[in-house]
Amino acid sequence: MMNREIYLDNSATTALSKAAQDKIAEVCGIYGNPSSLHSMGQSAEKVVRKAREEILSALGVRAREGELVFTSCGTEASALAILGSAHAKERRDAIRILTSDSEHPSVQKNIDALAKEGFEIVKIPTRQGVLDIDAIERTLDKKIFLASFMLVNNETGAVYNVSEAFAKIKAKYPEAITHCDAVQGFMKIPFTPASLKADLITVSGHKLHAPKGIGALYISADMLKKKKITPFLLGGGQESGMRSGTENTIGIAAFGASVSDIKSRFAQNRAHFAELYSYASEKIEALGIKINRPSGEYAHHIINVTLPNIKSETVLHFLSSDGVFVSSGSACSSHSKTPSGTLIAFGLSPADADCSLRISFSEYNTKEDIDALCLSLSSALDRLIRIKR
Ligand code: PLP
């Protein structure tokens with residue numbers, strides 16, 4: 001009988017923080033509609049406003065530089081960014097869209113859908129986890145409409161050089177729209193909209209110890225002023241008209257509280273992740289398991305490994321029965337039966353991609369969790385290799 005929970009799947013989702021739980025308890029009774037004009041509505045609106053300020057501050061947004069639009073999740077925020085820009089009336093003649101070959105499906109599928117509407121999609125390679133800046137430069141012979149690159153890859157932890165990519169694009173085409181899916185990077189690595197040169201930034205609450213069902217899109221003031229983005233959820237005009245629908249007040253409040261809480265430990269958490277990463281990689285490699293370490297910069301809360309010829313799904317279930325939780329590819333791609341496109345783009349063979357696991361930390365993980373993971377991995381390898389022989 002399993003009597004422990006070693007949760008190492010934090011890039012899929014995270015446990016609610018105490019800060020988030022306390023905030024939920026605090027605002028539970030504030031049930032007015034933030035759009036109502038009476039004082040109960042005003043109280044709810046105040047809760048939403050505070051969370052918006054907390055997240056904008058954590059994003060390092062300067063006064064009047066841009067707005068935050070709350071959505072139901074990161075997926076919706078990226079759909080708003082991509083489809084909302086493509087369908088804006090103010091859209092000019094450019095049709096070329098740049099993205100990487102290893103985006104999360106929430107970006108990839110929306111961009112693929114635009115191909116059917118006549119947009120020209122160019123996918124930039126990310127071999128060994130490095131966004132190919134030379135390849136981007138080669139696409140600049142034609143006007144760019146939109147560029148969408150993620151900050152931290154959700155499967156490999158690779159940090160893509162989004163700021164250099166966007167700087168090069170904007171230098172030649174200042175009107176090009178730049179979107180960054182920062183779901184795995186927000187509150188993990190330092191950035192601001194200005195440092196990334198991003199017009200649009202996607203973030204998500206449940207990766208940061210807030211509840212599921214809350215995300216947000218940062219939109220630059222310039223995009224709003226020039227009407228370069230249009231909403232697709234129409235109705236009551238909430239969120240400055242960008243996303244109709246009564247706000248998820250409790251989720252929004254918890255998102256703000258969780259982000260503020262993490263902000264107070266940002267440097268400490270980064271040091272903690274770096275320590276866990278080096279401790280885990282040494283122990284995992286000692287078991288004969290290969291680490292798919294990006295050759296450029298990488299975040300320390302995600303480790304991707306390839307097992308020696310054993311399917312990741314088999315090991316994942318073995319570890320799960322032992323109370324150790326990791327993922328085979330991203331949680332979303334577990335709905336797919338084909339090997340991870342991200343790992344293929346990284347340079348793995350389909351067979352190796354099928355034998356790869358993702359281990360992802362939160363600030364609550366300890367070295368003891370890694371010891372437990374490695375013990376379980378070691379017995380999984382022993383048992384499964386013996387069965388194969
Ligand atoms: N982008 C990345 C990089 C992700 O890892 C995820 C979730 O795994 C998403 C977007 C989607 O976020 P959400 O689950 O909030 O829709």
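How many of the residues in the stretch 194-204 are outside any loop (DSSP other than H, G, I, E, B) and either in contact with a strand residue (DSSP E or B) (Cβ under 6 Å, 6 or more places away or on another chain) or within 11 Å of the ligand (Cβ to nearest atom) (or both)?
Matching residues across the stretch 194-204 total 6.
Go over the candidates LYS188, LYS170, LYS207 one by one and state the one that is under 24 Å from SER281 (Cα atoms) and in a helix (DSSP H, G or I).
Working: LYS188 fails: in a helix (DSSP H, G or I); LYS170 fails: under 24 Å from SER281 (Cα atoms).
Only one candidate passes the filter, namely LYS207.
Given ALA77, ALA12, ALA25, which one is without any contact (Cβ under 8 Å) to a residue 24 or more places away in the chain, closer than 25 Å to SER362 by Cα and out of contact with any helix residue (DSSP H, G or I) (no Cβ under 7 Å at 6 or more places or on another chain)?
Step by step, each of ALA77, ALA12, ALA25 is checked, and only ALA25 is without any contact (Cβ under 8 Å) to a residue 24 or more places away in the chain, closer than 25 Å to SER362 by Cα and out of contact with any helix residue (DSSP H, G or I) (no Cβ under 7 Å at 6 or more places or on another chain).
Are any residues in the stretch 127-151 assigned to a loop (DSSP other than H, G, I, E, B) and in contact with a Pro (Cβ under 9 Å, 6 or more places away or on another chain), and if so, which ones?
VAL130, LEU131, ASP132 - these are the residues of the stretch 127-151 that are assigned to a loop (DSSP other than H, G, I, E, B) and in contact with a Pro (Cβ under 9 Å, 6 or more places away or on another chain).
Step by step: first the residues of the stretch 281-312, then only those that are crowded, with 18+ Cβ neighbours inside 10 Å and touching a Cys at 6+ places or on another chain (Cβ under 8 Å), then the one that is nearest to HIS206 (Cα to Cα). Which residue is that?
So, considering only residues that are crowded, with 18+ Cβ neighbours inside 10 Å and touching a Cys at 6+ places or on another chain (Cβ under 8 Å), the one nearest to HIS206 (Cα to Cα) is SER312.
Just to be sure, is GLY60 on the phi > 0 side of the Ramachandran plot and surrounded by fewer than 17 Cβ atoms within 10 Å (Cβ to Cβ)?
When the stated conditions are applied, GLY60 passes them.
So, of the residues in the stretch 209-225 that are surrounded by fewer than 24 Cβ atoms within 10 Å (Cβ to Cβ) and more than 21 Å from GLU164 (Cα to Cα), which turns out to be farthest from the ligand (Cβ to nearest atom)? It would help to see each step written out before you state the result.
We begin by selecting, within the stretch 209-225, every residue surrounded by fewer than 24 Cβ atoms within 10 Å (Cβ to Cβ); these are 211-213, 220-225.
Still in the list and also more than 21 Å from GLU164 (Cα to Cα): 211-213, 221, 224-225.
Numbers: PRO211: 11, LYS212: 7, GLY213: 8, ALA221: 24, LEU224: 23, LYS225: 27 Å.
Selected residue: LYS225.
Looking at (1) surrounded by fewer than 21 Cβ atoms within 10 Å (Cβ to Cβ); (2) more than 16 Å from the ligand (Cβ to nearest atom); (3) in contact (Cβ under 8 Å) with a residue 60 or more places away in the chain; (4) not acidic (Asp, Glu), which is the one condition that is false for ASN248?
With (1) surrounded by fewer than 21 Cβ atoms within 10 Å (Cβ to Cβ); (2) more than 16 Å from the ligand (Cβ to nearest atom); (3) in contact (Cβ under 8 Å) with a residue 60 or more places away in the chain; (4) not acidic (Asp, Glu) applied to ASN248, the lone miss is (2).
Filter the stretch 217-227 down to the residues that are within 21 Å of VAL183 (Cβ to Cβ) and in a helix (DSSP H, G or I) and list them by number. Step through it out loud before you land on a result.
Of the stretch 217-227, the ones within 21 Å of VAL183 (Cβ to Cβ) are 217-220, 223.
Once the filter is applied, which keeps residues that are within 21 Å of VAL183 (Cβ to Cβ) and in a helix (DSSP H, G or I), the stretch 217-227 yields only MET223.
Looking for something closer than 24 Å to ASP261 by Cα and under 20 Å from the mean Cα position of the chain (by Cα) - is there at least one such residue anywhere in the stretch 25-35?
No, the stretch 25-35 has no match at all.
Quick one: how many residues across the stretch 236-291 are among the small types (Gly, Ala, Ser) and touching a helix residue (DSSP H, G or I) at 6+ places or on another chain (Cβ under 7 Å)?
Residues meeting the conditions: 8.
Could you tell me how many of the residues in the stretch 228-256 are in contact with an Asp or Glu (Cβ under 7 Å, 6 or more places away or on another chain) and outside any loop (DSSP other than H, G, I, E, B)?
Residues in the stretch 228-256 being in contact with an Asp or Glu (Cβ under 7 Å, 6 or more places away or on another chain) and outside any loop (DSSP other than H, G, I, E, B): 2 in total.
Among the residues that make up the stretch 97-113, is at least one of them touching a residue at least 60 places away in the same chain (Cβ under 8 Å) and away from the ligand (no atom under 16 Å from the Cβ)?
Yes, there is a match, as at least one residue in the stretch 97-113 is touching a residue at least 60 places away in the same chain (Cβ under 8 Å) and away from the ligand (no atom under 16 Å from the Cβ).
No value in this document is a laboratory result; all are computed from the given coordinates. This structure is a prediction, so every number in the text was calculated from the model and none was measured. Glycine gets a Cβ as well: all are built from the backbone with ideal geometry, and neighbour counts include every protein chain shown.
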